[in-house]
1. Please state, to two decimals, what the Cα-based radius of gyration of the stretch 1-102 comes to when divided by 2.2 N^0.38 Å (N = residues).
2. Below 25 Å Cα-Cα, how many Lys pairs turn up in the stretch 1-89? Only count pairs eight or more apart in sequence, or on different chains, if you could.
3. Read phi for every residue in the stretch 268-278 and hand back ³J(HN,Hα) as whole Hz from Karplus 6.51 cos²θ - 1.76 cosθ + 1.60, θ = phi - 60°, with x for Gly and Pro.
4. What is the helix-to-structure angle for 564-573, meaning the angle in degrees between its Cα long axis and the longest Cα principal axis of the chain, kept from 0 to 90 and rounded to the nearest 10?
5. Rounded to a whole number, what % of the accessible area of the chain do carbon and sulfur atoms account for, probe 1.4 Å?
6. At q = 0.14, 0.31 Å⁻¹, what base-10 log of I(q)/I(0) does the Debye formula yield for the stretch 139-179 when every alpha carbon is treated as an equal point scatterer in vacuo?
7. What are the ³J(HN,Hα) couplings of the stretch 504-515, residue after residue, when phi is run through the Karplus curve with 6.51, -1.76, 1.60 and θ = phi - 60°? Round to Hz, x for glycine and proline.
8. Choose one of Thr521, Asn249, Leu481: the residue whose Cα lies farthest towards the positive end of the charge dipole of the chain (beta-carbon charges +1 Lys, Arg; -1 Asp, Glu; about the Cα centre).
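The values are calculated or read from the model by the stated rules, or taken from the named source; none is laboratory data. These numbers were taken from a predicted model, which means no experiment stands behind them. All Cβ positions, glycine included, derive from the backbone under ideal geometry; neighbour counts span all protein chains shown. Accessible surface areas use protein heavy atoms only, side chains included; no ligands, DNA or RNA. Shrake-Rupley method; radii C 1.70, N 1.55, O 1.52, S 1.80 Å.
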Amino acid sequence: MDIAKSISEGLARKVLAAAVNGEVWDASRPINDDASLKLLTWDDTDGKSTFWHSSAHLMAEAVQDAFPGAKFWVGPAIDKGFYYDIDLGDTKMTEEDLIKLEKKMGELSKKNNLYVRKEMPKAEAVRYFTEKGDEYKLDLLSNLKDGEITFYTQGDFTDLCRGPHIPNTGFIKAIKLTSIAGAYWKGDEKNKQLTRIYGVSFPNQKELEEYVLMLEEAKKRDHRKLGKELGIFTMDDDVGPGLPLWLPNGTIIIEELEKLAKETEKAAGYKRVVTPHIAKESMYLTSGHLPYYADSMFPPMEMDGTKYYMKAMNCPHHHKIFDAEQKSYKDLPFRLAEYGTCYRYEQSGELFGLMRVRCLHMNDAHIYCTKEQFASEFKAVNEMYRKYFKIFGIDKYVMRLSLHDPEKLGQKYINEPELWIETEELVRNVLIETKVPFVEVKGEGAFYGPKIDVQIWSAIGREFTLATNQVDFAQGRSFKLSFTNQHNEPEVPLIIHRAPLGTHERFIGFLLEHYAGKFPTWLAPLQVKILPISDKFSDYANTILETLKKADIRAEIDDRHEKIGKKIRDTEIAKVPYMLVVGEKEMNEGRVSVRRQGKGDAGSKGLDEFVNDILEEINERRAEKVEEVEKV
Ligand SMILES: [Zn+2]
Ligand SMILES: [Zn+2]
C-alpha cells in the first residue's frame, strides 16, 4: 500500500491486494526482501477474487450478528462472487433474511473496518475454537501446521483464514446476495447439510446494476427452460440423473453440428474412426486414468474375470488405432477424429442441466506429430477454433494456458522438467504469433502436458469454459507409440488432444443461451412454417411443402383452424426463422409472403426465389448478428 501511495493516491484507492513473487498478499503486509511486485485492482482476476472472498467475511460478520451461534465452514470466492457454508443449527434461512443481511453488510462496509492479519500458534488457535465449540474450524486446523496459521479480524468478526483480503470493508460498495442452497459438509452426502449463501459484490453500484440485468436475461435464456420449450432434450428418472435424452429437435442440432465438424475436419486432413464404449482396466492403467481418475469414472463391470470400464476419454482408444499399423515419418501428422461418447461420474450435487452430465458426446480428435510439426499443427488447431467462433458469432474468447508447477513434478505432473519447459514454450509462441488473447496460469496443467482451456462469453456476457486443447508428451511413451524417423530410428510422437466444439451437451447448452433459442436458420430444428390463411389454400401450402422438402429444407404446415394472427404469434414463440403466409393472391401468382422471426414482414417472393435465398443462407451457415444485450 505504501508503494501504491508513493505512485499516486488515486492508484492507492484502487489497490485491493498485491502479487508478491507471484503469490497474492494483503496490500498491507510488509515486504522484507527484494521481490517482484504487481499491484492488483478490480481489473485483475486475483484482485476480483480477493474482493469477493473478503466480501464472504463481511457476509459472515452480518450472519453472526443476525444468527448468534452460527458456525462457519468455508467461504471462498467463485467465478462470479462468493459463498459461505454455514451451520445455522435448527434455523432455516429465508429470502427475506437475505435482504436484511444485504442491508447489514452495507452498514458494516461503511465502517471501513480494516482486515487485520494475525499469525497464531496452533495450540492457541485450537484453544480459541475449542472454547467457542466450533468443530468446523477445528477440523480445518487439524490439517494445518504450526507456523502457517493466521487469523483475520474485521470489525467484530474473526476467522481462521490464510487470506489474502482487501485493505478494508469500505471498498465493498454494492452487494447482492443471490441465493440460498443446501450443501453437504465437505460435499459428502453422509455429512450434515449446511446452509450455503451465494452473493456477489462490486466496487460501485453501476456494475451491480449491469450484473442484475444480465442475470434477468440469463434467467429468460436458461438452457433448461428453453430446452424444454423448444423440445431439445429431456431428463427421465428411469434413465437416470445426468443422462439427457435428446429429443428430435435437439438431435437435428446435433446432426448439423456434426456435419459442420466432419466437413471442417475432412478439409483439415483428419481421418474418422469409431471406437467401443468400454475397455479393459489394463488400458486405463496404461493411460494413467486409473487409479488417478477412478473417482470420476463409472465403477467397473466384471466379465470373464476381467474388469471393464466405460470410457471416460477417447484418447486411449485412439492411441491403439495409431499403434495398429507401423508408422513412418511420412504418415505424420496422423489425425484421428471421432464424435466420441464418454461417461463420467459427476456427483449428483454437481449435475446441472446439459452443463454437467454423466454421458457426453465429444468433438474429439488426436493429432500425432513430430516435434518439428508441432507448431504448425497446433496453429492449425487454433485456426479451427477461430473459424468456429466466427460461425457462431462468439466474439469474446480467451485461451487460458495452464502450466506445470516445478515443485510438483513427479506427483501432480509427469517428471520431465525439460520437456515441460520446451512444450510450454512452443505453445506460448504459437499463441503469441497467432495473436490469440491468452493468459497463463501456473500449476493447472494436465498431468501429461500443458493445457489450454478456452473460455468464451455468450451474447449476454456469461462466461463458459468450452473446450480444452492439450499437449501430451507422456501418453505416447506410456502406450509405447512410435514411428520410424528419417534416420530410420524409432521416435515417440507428440500428441495434441483437441475438442473445439467441446461436447454436444455443453455446446448446445451454451448455444441455447447465446441465441436465446433463436437458432440461425442452418441450425434451427424447423426452418420454415407455412401458414395458409384458410383451408382453401391447403393444396397450395402442400405444393410449397413438397418443394421445400425436395430442397432438404425443414418445413411444416400450420393447418389448424386458427386466425392467421394467432398462427403467426405461435410460430414467433416457437422461434421458427421463416414464416410463409399464403392466401388467394400468393396462390394465384405462385408466390409466398415471407415473415422473418422477430423482424416481421419481409415482402413477397416467388417460391423459387425464396428457396434459392434460404438455401444460400443455410449453405453459408449464415447467422444474423447475435442480438446484443448490455455486456458485463
Ligand atoms: Zn479469508
Ligand atoms: Zn484426448
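1. Normalised Rg, Cα atoms only: 1.33.
2. For the stretch 1-89, the number of qualifying lysine pairs is 10.
3. For the stretch 268-278, the Karplus-derived couplings read 8, x, 8, 10, 8, 9, 10, 9, x, 7, 10 Hz, x marking Gly and Pro.
4. 40
5. 49
6. -0.48, -1.13
7. Karplus values, whole Hz, x for Gly and Pro: 4, 4, 5, 5, 6, x, 5, 4, 4, 5, 4, 8.
8. My answer, from the dipole projection, is Thr521.
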